Amino acid sequence: MGESGKMMELFTGEYPVTLDEKSRISLPAFLRRCLNETNVWLTKGDEKCLKLYPSAKWNEMIINIMENTESLSANDRALRRRILASSTPVEIDKAGRIPIAQNYREHSNVSKECVVIGQGDYIEIWDEDLYRKNEEASDETYTAASEELSKKIKSKKGTHE
């Protein structure tokens, strides 16, 4: 829920975008309206995508990570290092564009044709070819996750298969 008590608008949809000659992408208007801010966080994501977080969501996630990890643990330090070092604040310009720095382009293979997808409380940015390959490769995972979610929902409702 937002400050005014109404639910935050969720990021949804799949949008083709193009990386311009200055290494910027234009965020789709719907996603910009949902963000409703100009300063956001760009991070290196899993499966070679990039993630874009509203500041409040990013801060909430970082606090949660810090509260649930310990600097004396090698695994926790590696997790913190990977997440914190792979993030940077970016500004959405007046034309709705964000810059994608070289190290982020290298991580994600983002070149010319890209796909931006809403993920509920954050946004993913993909190289189009990599996104299509990942989508195809995850068909079985999607089916298994759908079945698992269905079981959880039925269990909460008190119904059975």
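The values are calculated or read from the model by the stated rules, or taken from the named source; none is laboratory data. All of these numbers come straight from a predicted model, not from anything done at the bench. Note that each Cβ is placed from the backbone with ideal geometry, even for glycine, and that neighbours are counted across all protein chains shown.
Would you confirm whether or not segment 74-92 contains a residue that is β-branched (Val, Ile, Thr), farther than 16 Å from Ile125 by Cβ and at pLDDT below 95? Checked segment 74-92: at least one residue is β-branched (Val, Ile, Thr), farther than 16 Å from Ile125 by Cβ and at pLDDT below 95.
Considered as a group, the residues in segment 38-57 that are charged (D, E, K, R) and touching a residue at least 24 places away in the same chain (Cβ under 8 Å) include one that is nearest to Gln119 (Cα to Cα), and that residue is Lys51. Taking the numbered list (1) farther than 21 Å from Phe11 by Cα; (2) surrounded by 12 or more Cβ atoms within 10 Å (Cβ to Cβ); (3) touching a helix residue (DSSP H, G or I) at 6+ places or on another chain (Cβ under 8 Å) in turn, Glu70 passes all entries but (2). Residues that are surrounded by 16 or more Cβ atoms within 10 Å (Cβ to Cβ), closer than 29 Å to Asn36 by Cβ and within 17 Å of the chain's Cα centre (by Cα) occur in segment 131-154; there is at least one. Does segment 10-60 hold any residues that are assigned to a helix (DSSP H, G or I) and basic (Lys, Arg), and which are they? Residues satisfying the conditions are Arg32, Arg33, Lys48, Lys57.
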